[in-house]
Amino acid sequence: MMALNRILVVEDTDVDRALAIRVLRKVWPSVTILQAQDGQQAVALLEGCLDELPDLILLDVNMPRMDGHAFLEAWYADAKIDVPVVMMLTSSDRSSDRERSERFAGVKSYIVKPLTKALAAKLPELAA
């Protein structure tokens, strides 16, 4: 089972991001939680912490500037670095979004919001 030490939450909506972080802190109180408002901010954040990448990225699909799929394309284009496990955390239940996300080897799960305590507790299992 995967160890969770650092999680990056990439979510453009303040309420959804705050809810996910609150649930994560209840279930995983010792985990460091990083946050970004869109894919572009997430790429910049990750490039700034290449020596301490998060163990898990919870990634929304629909965001301005750089959506979740564009983030995946940009991040996976740099094959010289390890890619953290990614789980999509999105309101989109469209099969086309799910299929597009699953094309990336690092995407281990597709979770439709909201993130619940029960789902948060299963993150290490879902990441396997």
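Taking only Cα atoms and a 10 Å spring cutoff, compute GNM fluctuations for the chain and point out the largest among Arg65, Arg25, Arg94.
Its mean-square fluctuation being the largest, the pick is Arg94.
Could you point to the residue in Ser101, Ser91, Thr116 farthest towards the positive end of the chain's charge dipole, with +1 and -1 charges on the Cβ of Lys/Arg and Asp/Glu respectively?
Thr116
With only Lys, Arg, Asp and Glu charged, each at its Cβ (+1 for the first two, -1 for the last two), find how big the charge dipole of the chain is about the Cα centre; round to the nearest 20 debye.
Working: 15 positive and 19 negative charges, 104 e Å.
The dipole of the chain has a size of about 500 debye.
At 0.36 nm per residue, minus the direct Cα-Cα distance, what do Ser91 and Leu45 gain on full extension? Give it in nm, one decimal, please. Present the calculation step by step, with values, prior to reporting the outcome.
Details: separation 46, 0.36 × 46 = 16.56 nm, distance 2.36 nm.
Between Ser91 and Leu45, full extension yields an extra 14.2 nm.
Between Arg22 and Arg103, what FRET efficiency comes out of the Förster formula 1/(1 + (r/R0)^6) with R0 = 25 Å and r the beta carbon distance, rounded to 0.05? Kindly include the intermediate steps, with their values, before the conclusion.
On the way: r = 31 Å, r/R0 = 1.24.
The formula returns an efficiency of 0.20 here.
When the chain is fully extended, how far beyond the present Cα-Cα distance does Glu73 get from Asn5, taking 0.36 nm per residue of separation? Mind dumping the intermediate values first?
Details: separation 68, 0.36 × 68 = 24.48 nm, distance 2.48 nm.
Contour length minus the Cα-Cα distance gives 22.0 nm.
To one decimal place, what orientation-averaged projected area in nm² is obtained for the convex hull of the Cα set of the range 20-128?
Over all viewing directions, the range 20-128 projects a mean Cα-hull area of 6.6 nm².
What residue among Val23, Val85, Val15 shows peak mean-square fluctuation when the chain is described by a Gaussian network model with Cα springs under 10 Å?
Ranking Val23, Val85, Val15 by mean-square fluctuation puts Val15 first.
Under DSSP H, which helices of the chain have Cα atoms covering 18 Å or more of the helix axis and a Kyte-Doolittle average no less than 0.0? Write out the running numbers ahead of the final one.
Details: long enough: 14-27 (20 Å, 0.28).
Helices meeting the span and hydropathy rule in the chain are 14-27.
Subtract the Cα-Cα distance of Glu52 and Thr32 from 0.36 nm times their separation in residues, and report this length gain in nm to one decimal. Before the final figure, lay out each step's value.
On the way: separation 20, 0.36 × 20 = 7.20 nm, distance 1.12 nm.
Roughly 6.1 nm would be gained on extension.
So for the range 16-128, taking the charge dipole from beta-carbon charges (+1 Lys/Arg, -1 Asp/Glu), which of Ala74, Leu46, Leu59 sits furthest toward the positive end?
After comparing all options, I get Leu59.
Run a plain Debye calculation on the range 11-82 (Cα atoms as equal point scatterers, no solvent) and give log10 I(q)/I(0) at q = 0.16 Å⁻¹, rounded to two decimals, same order as the q list.
One equal scatterer on each Cα of the range 11-82 leads to -0.58.
Once you sort the root eigenvalues of the Cα gyration tensor of the range 69-128 as a ≥ b ≥ c, which label holds: rounded (a/c under 1.5), prolate (a/b larger than b/c) or oblate (the other case)?
Details: a/c = 2.45, a/b = 1.36, b/c = 1.80.
Note, shape of the range 69-128 comes out oblate.
Round to a whole number: what % of the accessible area of the chain belongs to carbon and sulfur, probe 1.4 Å?
Values: 3230 of 6570 Å².
That fraction is 49 percent.
The values are calculated or read from the model by the stated rules, or taken from the named source; none is laboratory data. Source: prediction; values computed, not measured. For neighbour counting, all protein chains shown are included, and Cβ atoms are generated from backbone atoms with ideal geometry for every residue, glycine included. Heads up: the accessible areas ignore ligands, DNA and RNA and are worked out on the full protein's heavy atoms, side chains in. Shrake-Rupley method; radii C 1.70, N 1.55, O 1.52, S 1.80 Å.
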